[in-house]
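Trainee: Quick one: this structure, given as structure tokens, is what I'll be asking you about.
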2 protein chains.
Amino acid sequence: MSFYEKHVFVCTNRRDPQNPKGSCANSGADEICQVFKKELAERGLRGTMRANSSGCLDQCAHGPTVVVYPEGVWYTIRTTAEAKEVIDEHLVNGRPVERLMLKPKK
Amino acid sequence: MSFYEKHVFVCTNRRDPQNPKGSCANSGADEICQVFKKELAERGLRGTMRANSSGCLDQCAHGPTVVVYPEGVWYTIRTTAEAKEVIDEHLVNGRPVERLMLKPKK
């Protein structure tokens, strides 16, 4: 029923750098979001998959937070290489990357 | 596996008002997003459901665009009353609101 086979949201929430909560934008999330957009386009996946920035996903302490729907798999992705690994392994090959996953709080 | 039973994303993309494509922000999407956040909090659903703003969901021509995951149901939601209807009927009672749904392009 959804428009996309995979829909990736990257938290790009920005707080004041002095804020003790931290924020994804201050940990490089804007660049991570751009990597997802660019790599999906380069793989010819626009139309079947989409990456979007989002507001605060409430996991700021962990670093740049990403959620992949419809399966609802959450990641902390700190580097361009990790982003590409999630695209190739999870999005393209259907094998979520356990090592980079965030686990639910409860 | 996901952190939330329902995760709502509201496109708040903003283009120049003169842009012929239009944009969700120029159709009242910021207010719609705030309604989702406020109403979920008031119903005591923070923690099990979440509403976030998102970048462009590529449905600008229709008006404020909302997608509900994990089920991937897409809506055009133009008014506060419509937002509350989706919260009560779909999010709380599990009955997606057919009348307000966007249909996939393909």
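The values are calculated or read from the model by the stated rules, or taken from the named source; none is laboratory data. Remember, predicted model here, so these are calculated numbers, not experimental data. Here Cβ is always computed from backbone atoms with ideal geometry, including for glycine, and neighbour counts include all displayed protein chains. Surface areas here come from the heavy atoms of the whole protein model, side chains and all, with no ligands, DNA or RNA. Shrake-Rupley method; radii C 1.70, N 1.55, O 1.52, S 1.80 Å.
Trainee: Can you give me the accessible area per residue for the protein assembly as shown, using a 1.4 Å probe, in Å²?
Mentor: Computed with neighbouring chains in place, this is 48 Å² per residue.
Trainee: Okay, next question. Taking amide hydrogens as modeled 1.01 Å from N in the peptide plane, which residues meet the under 5 Å criterion relative to B:V73, leaving out close sequence neighbours?
Mentor: Excluding prolines and chain starts, which carry no amide H, the hits are B:V68.
Trainee: Would you kindly work out, in nm and rounded to one decimal, the distances from the label point of A:G94 to those of the same position in each other copy, ordered shortest first, with label points 7 Å along Cα-to-Cβ?
Mentor: 2.7
Trainee: Oh, and also: Would you compute, from DSSP H runs of 4+ residues alone, the mean residue ellipticity of chain B at 222 nm, taking -39500 (n - 2.57) per run and dividing by the full residue count, rounded to the nearest 500?
Mentor: Only helices count here, giving -5500 deg cm²/dmol.
Trainee: Indicate, rounded to the nearest 5 percent, the antiparallel portion of the DSSP beta bridges found entirely in chain B.
Mentor: 55
Trainee: Report, in degrees rounded to the nearest 10, the 0 to 90 angle that the Cα long axis of helix B:29-42 makes with the longest principal axis of chain B.
Mentor: On a 0 to 90 degree scale, this one is about 10.
Trainee: Distances in nm, one decimal, shortest first, from B:E71 to the same residue in every other copy, taking the label point 7 angstrom along Cα→Cβ.
Mentor: B:E71 label point versus its equivalents elsewhere: 2.2 nm.
Trainee: A further question follows. Given a 1.4 Å probe, show me the residues in region A:56-84 buried by at least 50 Å² of accessible surface when comparing the whole protein assembly to the chain alone.
Mentor: In region A:56-84, residues shielded by partner chains: A:Y69, A:W74.
Trainee: Oh, and also: Tell me: how much accessible area in total is hidden between A and B, 1.4 Å probe, Å², nearest 100?
Mentor: 2400
Trainee: Using a 1.4 Å probe and ignoring any ligands, DNA or RNA, find the accessible area of B:V8 and quote it in Å² to the nearest 10.
Mentor: The value for B:V8 is about 0 Å².
Trainee: Just for the protein assembly as shown, what percent of DSSP beta bridges are antiparallel, to the closest 5?
Mentor: Beta bridges within the protein assembly as shown, antiparallel portion: roughly 60 percent.
Trainee: Which distances, shortest first and in nm, link B:K21 to the matching position in the other copies, using label points set 7 Å out along Cα to C-beta?
Mentor: Here the equivalent label points are 3.1 nm apart from this one.
Trainee: So, with a 1.4 angstrom probe, what is the percent of accessible area on the protein assembly as shown that is carbon and sulfur?
Mentor: Carbon and sulfur together cover 48 percent of it.
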